[in-house]
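Peer 1: One structure coming up, written as structure tokens, with questions to follow.
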Amino acid sequence: MKTKRVALDALLTAIALVIFVVELLVPLPLPIPGVKLGLSNVVTLFALFACGPMDAFIILVLRIGLGTLFAGNLSALLYSLAGGFLCYFILLILKKIVSKKQIWLCGVFGAIAHNVGQMAVATLLTGTPAILYYLPVLILAATGTGALTGLTAQTIYLRTEKLFSREEREESDKRKK
Amino acid sequence: MVKTRVLVIILLVVVAVSVALCLVFFLPGSGKTGGTANVFVEGELVWSVDLAAVTEPLTYEVKTPYGTNVLQVEKGRIRVLDADCKDRVCVESGWRSAGGAPIVCLPHKLVVTIDTNGDVDAVSA
């Protein structure tokens, strides 16, 4: 793997981790451990479009793993993983059909998927479908925060994409040689 | 390339449905003071109390394999008074009465539902 790519991914992971840990200071009165504002998804979204699906996946897994470790809430790991993976899966699908001006929409649907994933795991583990009462609240919250993170990611990407497209062209040139 | 409009419409439908569900789930029940509070741990019913029959406030301790929750019951409503879980979301949930959303303590796998008498709706069954 190119050193530059490793460094970039590491940098993005660090940013995601800082956001992840800091946003834990905001308590949300919802009975699902690990439910947060989900602001660190800005990085996941950005990485997906600027670096590629593989990089985004690595950054996501590292963020969830290390972040949960730093936050000291190991029981939330399963919920975060479920949410994160479902979100990533949806993002992968959306990336194929969406243009760069619609990244914010990816943010919204990704955030919704994230919460649905967490809720699904919570329902399975408690064995009580009654907690699904909170799903509409989660979806509405996800729409809001998803739009926010999506717009942020989109804005940043549109401003910096020239940096990354040059890189991709260099890489594909090297591969052809 | 999917048109933005299509995705936005899908999103608006999801939002509209969610808002509707929120109103149904969380608006206070139409003057129902009765109801039965059912306490589940890991999906199994461990305690049940008829909220209408309660005359004086009482407390009940629920010991789960993961920790303890102390419930407080008054006429027509119930809440988690105290719990030794880390986030104490259950305590923050406050009072609940008939027809409302359940109180959940996920670390303890505890769920308190309040069913209106005679009706057990599909979600909490």
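The values are calculated or read from the model by the stated rules, or taken from the named source; none is laboratory data. Being a predicted model, the structure only gives us computed values, none of them experimental. Because the Cβ atoms are built from the backbone with ideal geometry, glycine has one as well, and the counts that use them run over all protein chains shown. With ligands, DNA and RNA removed, areas are computed over all heavy atoms of the protein, side chains included. Shrake-Rupley method; radii C 1.70, N 1.55, O 1.52, S 1.80 Å.
Peer 1: Quick one: how many residues across region A:1-29 are modelled with pLDDT under 80 and either touching a Phe, Trp or Tyr at 6+ places or on another chain (Cβ under 6 Å) or not hydrophobic (A, V, I, L, M, F, W, C) (or both)?
Peer 2: Qualifying residue count for the region: 2.
Peer 1: Oh, and also: Conditions: (1) of a type in the set (D, E, K, R); (2) surrounded by fewer than 18 Cβ atoms within 10 Å (Cβ to Cβ); (3) away from chain B (no Cβ under 13 Å). A:Arg63 meets all but one. Number of the miss?
Peer 2: Single failed check for A:Arg63: (2).
Peer 1: Out of (1) among the hydrophobic types (A, V, I, L, M, F, W, C); (2) more than 11 Å from chain B (Cβ to nearest Cβ); (3) within 25 Å of A:Tyr133 (Cα to Cα); (4) surrounded by 24 or more Cβ atoms within 10 Å (Cβ to Cβ), what's the single condition that is false for A:Val35?
Peer 2: Result: A:Val35 passes all but (2).
Peer 1: Kindly evaluate A:Val43 against the criterion of being more than 14 Å from chain B (Cβ to nearest Cβ) and either part of a loop (DSSP other than H, G, I, E, B) or modelled with pLDDT of 85 or more (or both).
Peer 2: yes
Peer 1: Same structure again: Going through region B:77-98 one residue at a time, which ones are touching a residue at least 12 places away in the same chain (Cβ under 8 Å) and over 14 Å from the mean Cα position of the chain (by Cα)?
Peer 2: Across region B:77-98, the qualifying residues are B:Leu81, B:Asp82, B:Ala83, B:Asp84, B:Cys85, B:Lys86, B:Asp87.
Peer 1: Given the residues A:Phe57, A:Phe20, A:Phe49, which is the only one that is closer than 18 Å to A:Thr149 by Cβ, more than 11 Å from the chain's Cα centre (by Cα), of a type in the set (Phe, Trp, Tyr) and buried (at least 16 other Cβ atoms within 10 Å of the Cβ)?
Peer 2: A:Phe49
Peer 1: Tell me the residue from A:Ala7, A:Ala82 that is without any contact (Cβ under 8 Å) to a residue 12 or more places away in the chain, out of contact with any Leu (no Cβ under 7 Å at 6 or more places or on another chain) and open to solvent by 20 Å² or more (accessible area, probe 1.4 Å), please.
Peer 2: On the way: A:Ala82 fails: without any contact (Cβ under 8 Å) to a residue 12 or more places away in the chain.
Criteria check complete, one pass: A:Ala7.
Peer 1: Looking at B:Val8, is it out of contact with any Phe, Trp or Tyr (no Cβ under 9 Å at 6 or more places or on another chain), open to solvent by less than 70 Å² (accessible area, probe 1.4 Å) and closer than 30 Å to A:Leu151 by Cα?
Peer 2: Details: out of contact with any Phe, Trp or Tyr (no Cβ under 9 Å at 6 or more places or on another chain): yes; open to solvent by less than 70 Å² (accessible area, probe 1.4 Å): yes; closer than 30 Å to A:Leu151 by Cα: yes.
When the stated conditions are applied, B:Val8 passes them.
Peer 1: Which residues, taken from region B:61-75, are assigned to a loop (DSSP other than H, G, I, E, B) and buried (at least 17 other Cβ atoms within 10 Å of the Cβ)?
Peer 2: B:Tyr66
Peer 1: Follow-up. If you go through region B:42-81, how many residues are at positive phi and within 14 Å of chain A (Cβ to nearest Cβ)?
Peer 2: Residues meeting the conditions: 3.
Peer 1: Return yes or no: is A:Ile112 among the β-branched types (Val, Ile, Thr) and modelled with pLDDT of 90 or more?
Peer 2: yes
Peer 1: If the Cβ limit is 7 Å and pairs must be 6+ apart or interchain, which residue in region A:123-152 that is facing chain B (nearest Cβ under 8 Å) and assigned to a loop (DSSP other than H, G, I, E, B) pairs with which residue that is open to solvent by 20 Å² or more (accessible area, probe 1.4 Å) and not basic (Lys, Arg)?
Peer 2: Within 7 Å, the pairs are A:Gly127/B:Glu42; A:Gly127/B:Gly43; A:Thr128/B:Phe40; A:Thr128/B:Gly43.
Peer 1: Where residues in region A:61-110 are within 15 Å of the chain's Cα centre (by Cα) and of a type in the set (D, E, K, R), which of them is nearest to A:Leu140 (Cα to Cα)?
Peer 2: This residue is A:Lys95.
Peer 1: Taking the condition touching a Phe, Trp or Tyr at 6+ places or on another chain (Cβ under 8 Å), part of a helix (DSSP H, G or I), away from chain B (no Cβ under 14 Å) and of a type in the set (Gly, Ala, Ser), does A:Gly117 pass?
Peer 2: Yes, satisfied.
Peer 1: Any residue at all in region A:88-102 that is touching a strand residue (DSSP E or B) at 6+ places or on another chain (Cβ under 9 Å) and assigned to a loop (DSSP other than H, G, I, E, B)?
Peer 2: For region A:88-102, residues touching a strand residue (DSSP E or B) at 6+ places or on another chain (Cβ under 9 Å) and assigned to a loop (DSSP other than H, G, I, E, B): absent.
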